[in-house]
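The values are calculated or read from the model by the stated rules, or taken from the named source; none is laboratory data. Given the structure is predicted, the values throughout are model-derived calculations rather than measurements. Using ideal geometry, Cβ is built from the backbone for each residue, glycine included, and neighbour counts are taken over all protein chains shown. All accessible areas refer to the heavy atoms of the entire protein, side chains included, with ligands and DNA or RNA removed. Shrake-Rupley method; radii C 1.70, N 1.55, O 1.52, S 1.80 Å.
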Amino acid sequence: MTKKANATYKSGYAAICSIICWFAIICQLVLMIQNRVVPVPETLLRFFGFFTILTNIIVAITFTANIKKSPGFSFLRSFNTISAILVYILVVGIVYNVILRAIWAPTGMQKLVDELLHLAIPLLFLFYWITFTIKERVSWSNLGRWLVYPFIYLLFILISGSFTSFYPYPFVDVNNLGISVVLVNSGYMLLFFLALSSVFIFISKQKAKNATVRTFS
């Protein structure tokens, strides 16, 4: 495949995935508003309180930024950034399908949206990372940087939950578990982020190394 053809396929794939992402996010917002149990402003706060929603928005923006090259979106086209986002969206998919799926049985449009947000989009982004990104060496020093987003999110939901009593996930529900158990659960989650980040940093180093060997062989 020529470089031009690959760029065309990459742009087309990013465009299709961008549409899917924004569709799922907007549908979820509409569903939450339609089925709200609290006033609209608080419903919106809860909507943006889900790691799933925030991360899918980041993925949607990233796909949109990669449809066409623009200097203003170069950060979202870097391999390091895309790799970090891949870790975040894979955590969304893994946690939902391993832990949360068993306690949640949506139907109708909600089921479709859930499958898009928690299964289809993580897999689509993984395919994008594998197929269309140019693998570069990622420094181990990025481990700490990649943890900033989930750590800030954790602080946000714990602080906001102390005022609203709303916690988006059962394993961080201070009302039912108590703060000590939630902190332990949060520690496990951060370790999971760390482990998955380590896997993809290692893979990036191996891919970059193999690419260098092929170049000079």
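List of remarks:
- Of LEU90, LEU76, all but one fail to be surrounded by fewer than 19 Cβ atoms within 10 Å (Cβ to Cβ), within 16 Å of TRP129 (Cα to Cα) and either free of Cβ contacts under 8 Å to residues at least 60 places away in the same chain or in contact with a Pro (Cβ under 6 Å, 6 or more places away or on another chain) (or both); the exception is LEU76.
- The residue list PHE125, PHE193 contains one member that is in contact with a helix residue (DSSP H, G or I) (Cβ under 7 Å, 6 or more places away or on another chain), under 30 Å from ALA7 (Cβ atoms), open to solvent by less than 30 Å² (accessible area, probe 1.4 Å) and modelled with pLDDT of 95 or more, which is PHE125.
- Neighbours by Cβ (under 6 Å, 6+ apart or cross-chain): first from the stretch 27-48, aliphatic (A, V, I, L, M); second open to solvent by less than 50 Å² (accessible area, probe 1.4 Å) and in a helix (DSSP H, G or I): LEU29/PHE47; LEU31/GLN110; MET32/THR43; MET32/PHE47; ILE33/THR43
- Any hit, the stretch 200-207, residues being open to solvent by less than 70 Å² (accessible area, probe 1.4 Å), in a loop (DSSP other than H, G, I, E, B), of a type in the set (D, E, K, R) and at pLDDT below 95: no
- Scan of the stretch 59-73 for residues that are open to solvent by 50 Å² or more (accessible area, probe 1.4 Å) and under 16 Å from the mean Cα position of the chain (by Cα), ordered by number: ILE61, THR64
- Hey, SER162 at pLDDT below 95, in contact with a helix residue (DSSP H, G or I) (Cβ under 9 Å, 6 or more places away or on another chain), among the small types (Gly, Ala, Ser) and in a helix (DSSP H, G or I) or not: yes
- Matching option when the condition is under 18 Å from TYR88 (Cβ atoms) and either over 19 Å from the mean Cα position of the chain (by Cα) or among the basic types (Lys, Arg) (or both), among PHE193, PHE127, PHE171, PHE202: PHE202
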